[in-house]
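S.K.: Handing you this structure, nothing more for now.
A short reminder: the numbers here are calculations on the coordinates, not readings from a lab. Keep in mind it's a predicted model, so treat the numbers as computed, not measured. Here the Cβ is made from the backbone with ideal geometry for all residues, glycine too, and neighbour counts use every protein chain on show.
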Amino acid sequence: MGTFLGGLLTIIMVRYVPAGASTNNLLGVLQAFSAGVMLYMTFIDLLPEAKESVGGRECMLWFFGGVVVFGVLETLILPAAEGGDHHNHAVNGDSHHVEHVETTTIKTPETTRKRRSNATAASPTPTRARKPAAPVANERQATERKQLLRTSLVTFVAMGLHNLPEGLSVYLGALADPRLGLQLAAAICLHNIPEGMAVAIPLWAATKSNYHVLYMTLINGLMEPLGVLLGGFFLKNYLTQSLLSKSLAAVAGIMACISIHELFPTAVTYAGKERASFALFLGMAVCFVALEGVDVIMS
């Protein structure tokens, strides 16, 4: 539910709180905000909790394991996001070939005489001398959209992997004390709001579709009840707090990579260094407030 609310807040923010004179500025600010949320969650929430459970050395080993997993995810998702490129290149190549065939004429004596007689009257065709810039702009926009789509897919997968062990932790808490399970569920719902924004912002940047943002954040949020079901029916004999902490440390590595490698560089490109830096720390501040609310609920 919290993830879905985060997606809804993102749509409201995009609609009513413009971040500058252009869509690119807004896009960059939102990407940096998302990076701030994820970095704060990684280094202030997930890693300290995992370190307390399994120790610093093992925690960081799992963290860097998550970095490796990110590299694998990127390798798998990048070809999928760029799959249309080969088709587009083939189509463009065919069109160039057709254009060449259509503009080539068979040289005969008659056509040669006509060409010589009209040489002084004919002027160069402007369209032959100058190529339109629109295809270049369209190609650049398509490349940018593929990059944003790739970022949104990696972010969606990473946050889904993050939500799954959170659902398992709710299950473990409810087993120990039903009241503790309810507190955990309420706390996780609250801190999932900025996480939902972290999922929604790259999705909106790639698709500009409110429907896709709400639908995908809802699916992402459903990973937590799925974790509860998995814990109750399949993993109850193997599930330990130590295993959950290791999983969250690995997810922290994935989230750190997404923020540093994908989100923030894109934000600087679109919004500039000053706006992107401000939005990064704003995202951290919002996440801080959400986690403080979690502490109030749990106390």
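S.K.: Ranking Asp45, Asp295 by Cβ neighbours within 10 Å, fewest first, what do you get?
M.R.: So the residues, fewest neighbours to most, are Asp295, Asp45.
S.K.: Hey, rough spin-label estimate for Phe64 and Glu139, points 7 angstrom out along Cα→Cβ, what's it come to in nanometres?
M.R.: Modelled inter-label distance: 4.2 nm.
S.K.: On to the next question. Under the 0.36 nm per residue contour assumption, what length would be gained going from the current alpha-carbon distance of Asp295 and Glu274 to full extension?
M.R.: Extra length from Asp295 to Glu274 when fully extended: 4.4 nm.
S.K.: Also, I was wondering about something else. Arrange the peptides 214-223, 58-67 so that the one whose residues have, on average, the most other Cβ atoms within 10 Å appears first.
M.R.: 214-223, 58-67
S.K.: Let me ask something additional. Hey, got the Cα dimensions of segment 140-223 along the principal axes, in Å, largest first?
M.R.: 55, 19, 16
S.K.: Over segment 202-251, what number does the Rg to Rh ratio reach, with both radii from the alpha-carbon atoms and Rh per Kirkwood?
M.R.: With Rg and the Kirkwood Rh in hand, the quotient comes to 1.17.
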